[in-house]
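What follows is a short report on a single structure.
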Amino acid sequence: MPEETQAKSTAADSPSPSAPSPGSGPRGPRPAGGPGGRGKFFRRKKVCKFCTEKIDAIPYRDVRLLQQFVAERGKIVPRRLTGVCTTHQRRLTRAIKQARNIALLPFATRH
Amino acid sequence: MPRVYEVMFILRPDMAEEDADKLIAGFASTVTNGGGVVKTVEKMGRRKLAYVVRKFNDGNYVLLTIEANGPVVLELERRLRVSEPVIKFITVRMDEEEKRLAKVKALRGTRRSAPPATVSAEAAAPAATEAAPASA
């Protein structure tokens, strides 16, 4: 069993020097079909939920919708984490702030 | 020029149903007396507040959609402020948003209908079909 794993690791290591890793950086083309050793750094392309699902209106009353974009402590989650486009983030922010004002969403967690 | 507003307010939870109805009717009458129109009155029921308001943990939400001028809204807000059972309220102007939504809907409709049924679309609205290729 240990031999097997070792063989696997050497197989995984061997293509990396031959691959154009120097220069291309961590986002460079990785060897296909690898055992997923560098899969940790793979980032999925984020897409705007409102654009893809064609949600036109972001009403302040829709707590379920807004809650997805509010962190545990009540913060508005930044665009870079959620992938929402600029236009929709602006509307979302406004809706969340309105919802906070009418006690549908918290400004911060209790206590 | 009358505009569409949404007035949402929270009534204290320990209020009797009839009293709440009476109060809402009073607010509706202030709108109609001022020359506005009450489009819908929706009682969203009792729900938990996200934070404590006037030592209350929950409240009865009421949503009022009205079409009125600025002074009417001002008067309504003044009344909401002075009436004791109302613990919180918010007024949101909706007409711009509605206009935008209608526009988006129209755009989407033309885009979707244009490729399969060009003939009918041309017959129905030549301006719309002209706009569709430009936007596409």
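Looking only at residues in the range A:98-111 that are farther than 10 Å from residue A:66 by Cβ and not small (Gly, Ala, Ser), the one that is surrounded by the most Cβ atoms within 10 Å (Cβ to Cβ) is A:102.
A quick yes/no check of all residues on (1) surrounded by 18 or more Cβ atoms within 10 Å (Cβ to Cβ); (2) within 16 Å of residue A:98 (Cβ to Cβ); (3) within 13 Å of chain A (Cβ to nearest Cβ):
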position: B:23; (1), (2), (3): yes, no, no
position: B:34; (1), (2), (3): no, no, no
position: B:54; (1), (2), (3): no, no, yes
position: B:60; (1), (2), (3): yes, no, yes
position: B:68; (1), (2), (3): yes, no, no
position: B:77; (1), (2), (3): no, yes, no
position: B:87; (1), (2), (3): yes, no, yes
position: B:96; (1), (2), (3): no, yes, yes
position: B:99; (1), (2), (3): no, no, yes
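Scanning the range A:61-111 for residues that are part of a loop (DSSP other than H, G, I, E, B) and over 23 Å from residue B:48 (Cβ atoms) turns up A:78, A:83, A:84, A:85. Evaluate the following for residue B:40: is it surrounded by fewer than 16 Cβ atoms within 10 Å (Cβ to Cβ), within 14 Å of chain A (Cβ to nearest Cβ) and of a type outside the set (Asp, Glu)? So residue B:40 fits the description; yes.
Number of residues in the range A:60-90 that are under 17 Å from residue B:94 (Cβ atoms) and either within 9 Å of chain B (Cβ to nearest Cβ) or in contact with a Ser or Thr (Cβ under 9 Å, 6 or more places away or on another chain) (or both): the value is 2. For the range B:1-21, which residues satisfy the criterion of being more than 14 Å from chain A (Cβ to nearest Cβ), more than 13 Å from residue B:72 (Cα to Cα) and touching a residue at least 24 places away in the same chain (Cβ under 8 Å)? Selection gives B:15, B:19, B:20. When each of A:93, A:52 is tested for being in contact with a strand residue (DSSP E or B) (Cβ under 9 Å, 6 or more places away or on another chain), away from every other protein chain (no Cβ under 12 Å), at negative phi and surrounded by fewer than 17 Cβ atoms within 10 Å (Cβ to Cβ), the lone residue that passes is A:93. The requirement of being charged (D, E, K, R), part of a strand (DSSP E or B) and within 14 Å of chain A (Cβ to nearest Cβ) is satisfied by residue B:46.
All of the numbers you see were taken from the coordinates with simple rules; none came from a lab. This is a predicted model, so every value here is computed, not measured. Glycine also receives a Cβ, built like all others from the backbone with ideal geometry; neighbour counts cover every protein chain displayed.
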